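Asker: Have a look at this one.
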Amino acid sequence: MSRVALFEAISTIVGCVVGAGVLAIPYVVSQSGFFIGMIHLLVIGAAMLFIYLSLGEVVLRTNGKHQLTGYAEKYLGTWGKRAMLFSMIFGMYGALTAYLLGEGNAIKAIFGGSALWYTLGYFVIVATIVYIGLEAVERSEFLAFFIVAFIVVAIVILSLPKISLANLSTINPGSMFVPYGVILFAYMGLIAVPEAREILIHEKEKLKKAILIGVAIPFVIYSIFTLAVVGVVSASQFSALDQGERIATVALGIVLGTKAAVFVNIFAIFAMFTSFIGIGLALKDMFIYDYLMHKTVAWALTCFIPLGIALSITLSGFTNFIDVIGISGIVAGGVEGVVIVLMARAAKRKSERDPEYSMPMRWWIAIPLIAFFVLGVAHLGIEAVLNLLG
């Protein structure tokens, strides 16, 4: 039973972290160069691992069951709760919008036709499931863990004969910051830490191990998947594609051929389907339980706001799947990271119980971490201003 609980905690973390973000990583890595992209994966992964472990300590220092907004309010007050709420809603809406955009293009890659109509059809299905709230879907992380791992390995095997070392040796220093937002988004899944603590409620000393393994597995998955896709699809091939075709599996299918396109895009459809439902259910439940909204109102706010944004984007052509994920990662991930650093420091002073492990969080560690996240947001703001002026 002990090993089962640990594995369930690990799979919960992996299931929350590994979602459709993996589908955007190969394109941004191809733009910067594979070597620079791997540095992003490693450095951002290390920073996020520290954040995950620090949140784990906060959870272990606190009595009772809470979610991120509850911990932020307990240790930072009202402003902390509001900042965490902003980051969660911004990130969730950004993710749901990206999945609506991406799903239409992934289905189009298999059947042809209009991505817009596929998006609307997909929306009807997932919105219905989010409204009903199927418990089997809510507890799908365990199964999803195996499915994602199997499909990623299959895609790598399928891609191996076509990998070009020239694609992996390109370096583009002028685009070295391009992967930051997408990769930060791909590591976001901090809501899993309180859930993992509940799974290990009688074995809290194993939470640190669960977090270490639960964050390391996504790094391995992202690395080998990116190696396979970037090795097959060059930066110039990615750039020549339409914006909707730059999703990793869509691009890979175009290069590898029709049969491969069906298989790899089924993976994309599955990843975005489960991710939308998981995030949608979490957002709806937050509106219901934390803000006492009626179920139908909570469902409508959860589903129709991202649909409206996705339709506006599709009709205007202003942005795309990968840009939405990058912006969501920089803003939501940046705010979340800063709040958790400050929360971890405060929890050491206001601890309600002795934790099973402790992370160092002196100012010489906290300030570089805060700067890491703040500079990402600042860079995004500067780019937005330059785009408006240019």
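Read-outs throughout are calculated quantities, based only on the coordinates presented, and are distinct from any laboratory measurement. Bear in mind the structure is a predicted one, so any value in this text is a computation, not a measurement. Here the Cβ positions follow ideal geometry from the backbone for every residue, glycine too, while neighbour counts run over all protein chains shown.
Asker: What distance in nm separates the simple spin-label points at I129 and S239, each placed 7 Å from Cα in the Cβ direction?
Answerer: Computed distance between label sites I129 and S239 equals 3.8 nm.
Asker: Here's another thing I want to ask about it. What size of dipole, in debye to the nearest 20, comes out for the range 1-145 about its Cα centre when the only charges are +1 on Lys and Arg C-beta atoms and -1 on Asp and Glu C-beta atoms? Don't skip to the end; give the middle numbers.
Answerer: Values: 8 positive and 7 negative charges, 55 e Å.
For the range 1-145, the charge dipole is close to 260 debye.
Asker: About the Cα centre of the range 224-372, what is the dipole size in debye to 20, counting +1 per Lys and Arg Cβ and -1 per Asp and Glu Cβ, all else neutral?
Answerer: Dipole about the Cα centre, nearest 20: 340 debye.
Asker: Run the quick spin-label model on I224 and K295: label points 7 Å from Cα toward the beta carbon, then report their separation in nm to one decimal.
Answerer: The answer from the label model is 4.2 nm.
Asker: Given labels modelled 7 Å from the Cα in the Cβ direction, how far is it in nm from F304 to R3?
Answerer: Output for this residue pair reads 5.1 nm.
Asker: Turning to a different aspect of this structure: Which net charge results when you count Lys and Arg as +1 and Asp and Glu as -1 among the other residues whose beta-carbon is under 15 Å from that of R362? Provide the component values of the computation, followed by the final result.
Answerer: Details: positive: R345, K348, R349; negative: E57.
Counting the neighbours of R362, the net charge comes to +2.
Asker: Apply the membrane-span-like helix rule to the chain: whole DSSP H runs, Cα extent along the own long axis of at least 27 Å, mean Kyte-Doolittle hydropathy at least 0.0. List the helices found.
Answerer: 34-60, 78-111, 207-232, 258-291, 295-316, 363-389
Asker: Which is farthest toward the positive dipole end of the chain among H66, V22, G253, measuring Cα position about the Cα centre, with Cβ charges +1 (Lys, Arg) and -1 (Asp, Glu)?
Answerer: Towards the positive end, the residue furthest out is H66.
Asker: Here is a further query. Can you return the lysines within cross-link range of K206? Criterion is Cα-Cα under 29 Å, with same-chain partners fewer than 8 residues away left out.
Answerer: Within the straight-line cut-off, K206 pairs with K65, K74, K81, K348, K350.
Asker: Let me know the charge dipole size of the chain about its Cα centre in debye, to the nearest 20, where only the beta-carbon of Lys, Arg (+1) and Asp, Glu (-1) is charged.
Answerer: Charge dipole, the chain, about its Cα centre: 620 debye, nearest 20.
Asker: Follow-up question, since we're still on this one. Counting alpha carbon pairs within less than 8 Å and at least 6 residues apart, what relative contact order, in whole percent, applies to the range 48-130? Numbers along the way, then the final one.
Answerer: Values: 37 pairs, mean separation 12.7, N = 83.
Taking the mean separation of contacting Cα pairs over the length of the range 48-130, I get 15 percent.
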